[in-house]
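J.: First, the structure itself, so that you have it in front of you.
Taken together, the values in this text are just the output of simple stated rules run on the coordinates, not laboratory data. Computed from a predicted structure; not experimentally measured. Ideal geometry is used to build each Cβ from the backbone, glycine not excepted, and the neighbour counts take in all protein chains shown.
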Amino acid sequence: MAKPINRDLFELKDRVAVVTGAGSGLGRVFSQALAAFGAQVFCTDIDLPGAQQTADLINEAGGSALALEVDAADEQSIAGFVEAIKSAGGRCDILINNAGIATAKYRIHEMPVDQWDRLMAVNLRGVFLFTRAMLPLMIKQQSGSVINISSIAGLGGVNPTIPAVSANYSSSKGALIAFTRQGAAEYGGDNIRFNAICPGWHLGTQLGREEVGEQTPEMIEAFLAKLNQLTPMGRTGEPAELAGLAVYLASDASSFLTGQVIANDGGWSAI
């Protein structure tokens with residue numbers, strides 16, 4: 001007999017979640033959302049004060065969170081985190097690979113090699129390192145959900161008249177989609193699911209701070225107007241509008257969903 005369908009599908013009680021880049025922006029939203037549905041959340045970030053602020057917000061709201069300083073691009077830093085999580089029970093049910101950076105805007109022929117390498121170290125290598133570190137725990141449990149935060153920039157090129165995305169960023173996010181699908185193919189038999197979220201223009205994060213620093217208020221206003229014009233819903237998104245999707249992918253509500261790439265973009269990728 002089929003189980004009754006109820007709100008327990010989204011319940012995350014007794015599950016342990018790890019969120020990278022949890023100190024601000026989307027990482028903070030994801031951490032708070034998972035905690036609101038009962039998960040114990042490890043808020044990791046190279047910015048420990050930011051991660052601590054996220055954890056404090058969760059704990060003050062009645063949730064359970066711990067902040068830890070972890071550099072997603074540093075193998076030894078992640079190894080230290082693995083020891084910390086093992087000492088706290090040795091579980092990882094949910095991994096959200098959110099940590100990422102964006103450099104100032106460059107065309108391909110003008111991009112300094114060090115800016116390419118710096119971004120790839122966090123956006124792609126960091127996801128690999130964190131995932132590799134958490135998979136043995138998930139394999140032992142025979143369950144887990146890995147959620148990679150890609151971007152609509154990983155689904156196709158971004159018009160150069162929109163001064164916000166360079167080839168290093170879009171390439172890293174496109175590679176995350178391939179990494180997600182390969183993970184789904186390799187670990188489906190271990191009941192570990194891999195899915196990717198491709199946010200559209202969700203403002204209110206620190207992702208574009210390097211580029212924004214070079215723009216005048218008038219340039220930023222024109223940029224926002226352009227985004228609104230090109231988005232079918234006529235506006236940019238709020239970070240909180242990704243919370244429900246993250247909970248869905250983390251929970252049993254998506255128990256047969258793996259290898260999928262979901263754009264949350266106000267219709268941007270539909271045209």
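J.: In region 13-270, with Lys and Arg counted as +1 and Asp and Glu as -1 at Cβ, which of these residues, PRO239, GLY174, ALA79, has the Cα nearest the positive end of the dipole, that is, farthest along it?
T.: Farthest towards the positive end: GLY174.
J.: What residue among ILE96, ILE58, ILE108 has the largest mean-square fluctuation in a Gaussian network model of the chain, using Cα springs under 10 Å?
T.: Highest fluctuation of the listed residues: ILE108.
J.: Quick check on the chain: take the gyration tensor over C-alpha atoms, sort the square-rooted eigenvalues as a ≥ b ≥ c, and tell me if it's rounded (a/c under 1.5), prolate or oblate. Spell out each step's value before the answer.
T.: Values: a/c = 1.60, a/b = 1.44, b/c = 1.11.
Prolate.
J.: Further question: Report the label-to-label distance for ASN191 and ALA240 in nanometres (one decimal), using points 7 Å from each Cα along the Cα→Cβ vector.
T.: 3.5 nm
J.: Suppose only helical runs count, i.e. DSSP H with n ≥ 4. What mean residue ellipticity at 222 nm does that imply for the chain under -39500 (n - 2.57) per run, divided by all residues and rounded to the nearest 500 deg cm²/dmol? Write out the running numbers ahead of the final one.
T.: Working: 9 runs with 109 residues, N = 271.
Calculated at 222 nm, the ellipticity per residue is -12500 deg cm²/dmol.
J.: Find which of GLY25, LEU135, ALA51 sits farthest along the positive direction of the dipole of the chain, computed with +1 on the beta-carbon of Lys and Arg, -1 on that of Asp and Glu, about the Cα centre.
T.: LEU135
J.: On full extension of the chain, what length is gained from ALA253 through THR161, given 0.36 nm per residue of separation minus the C-alpha to C-alpha distance? Intermediate results must be reported in sequence, preceding the final value.
T.: Working: separation 92, 0.36 × 92 = 33.12 nm, distance 3.96 nm.
Length gained, ALA253 through THR161: 29.2 nm.
J.: With +1 assigned to the C-beta of every Lys and Arg and -1 to the C-beta of every Asp and Glu, and no other charges, what is the dipole magnitude of the chain about the Cα centre in debye, to the nearest 20? Before the final figure, lay out the partial values.
T.: Details: 19 positive and 27 negative charges, 154 e Å.
For this selection, approximately 740 debye.
J.: Among LEU230, MET111, ALA67, which residue has its Cα furthest toward the positive end of the charge dipole of region 13-270, with +1 on Lys/Arg Cβ and -1 on Asp/Glu Cβ?
T.: Positive-end residue among those listed: LEU230.
J.: A follow-up question, please. Roughly speaking, what is the stretch gain from LYS86 to ILE220, that is 0.36 nm per residue apart minus the C-alpha to C-alpha distance, in nm to one decimal? The partial results should precede the final answer.
T.: Working: separation 134, 0.36 × 134 = 48.24 nm, distance 4.50 nm.
This chain segment gains 43.7 nm when fully extended.
J.: Right, here's the next one. Given R₀ = 51 Å, FRET efficiency for LEU230-LYS140 by Cβ-Cβ distance, to 0.05? Mind dumping the intermediate values first?
T.: Details: r = 46 Å, r/R0 = 0.90.
For LEU230 and LYS140, the calculated efficiency is 0.65.
J.: Give the lysines reachable from LYS13 as a straight Cα distance under 24 Å; neighbours fewer than 8 places away on the same chain don't count.
T.: The reachable lysines, counting only those whose Cα sits under 24 Å from LYS13, are LYS3, LYS86, LYS140.
J.: Further, regarding this structure: With a cut-off of 8 Å between alpha carbons and a minimum separation of six or more residues, what is the relative contact order of the chain in percent?
T.: Working: 527 pairs, mean separation 53.9, N = 271.
That works out to 20 percent.
J.: With Cβ to Cβ distances under 12 Å as the rule, what net charge do the other residues near MET111 carry (K, R +1; D, E -1)? The partial results should precede the final answer.
T.: Details: positive: LYS105, ARG107, ARG118; negative: GLU110, ASP114, ASP117.
Value of the local net charge: 0.
J.: Shifting gears a bit: By a straight-distance test (C-alpha under 27 Å), which lysines pair with LYS226 as possible cross-link partners, with residues fewer than eight away in the same chain excluded?
T.: The qualifying lysines are LYS105, LYS173.
J.: Same structure again: Let me spell out the model: positive unit charges on the Cβ of Lys and Arg, negative unit charges on the Cβ of Asp and Glu, origin at the Cα centre of region 113-181. What dipole size does that give, in debye rounded to 20? Can you show the working numbers first?
T.: Details: 6 positive and 2 negative charges, 51 e Å.
That gives a dipole near 240 debye.
J.: Going by C-beta contacts inside 10 Å, put HIS109, HIS202 in order with the fewest on the left.
T.: Details: HIS109 6, HIS202 21.
The order, fewest Cβ neighbours first, is HIS109, HIS202.
J.: Using Cβ contacts closer than 10 Å as the measure, can you line up SER31, SER166, SER150 from fewest to most?
T.: Numbers: SER31 33, SER166 24, SER150 28.
Ascending number of Cβ neighbours within 10 Å: SER166, SER150, SER31.
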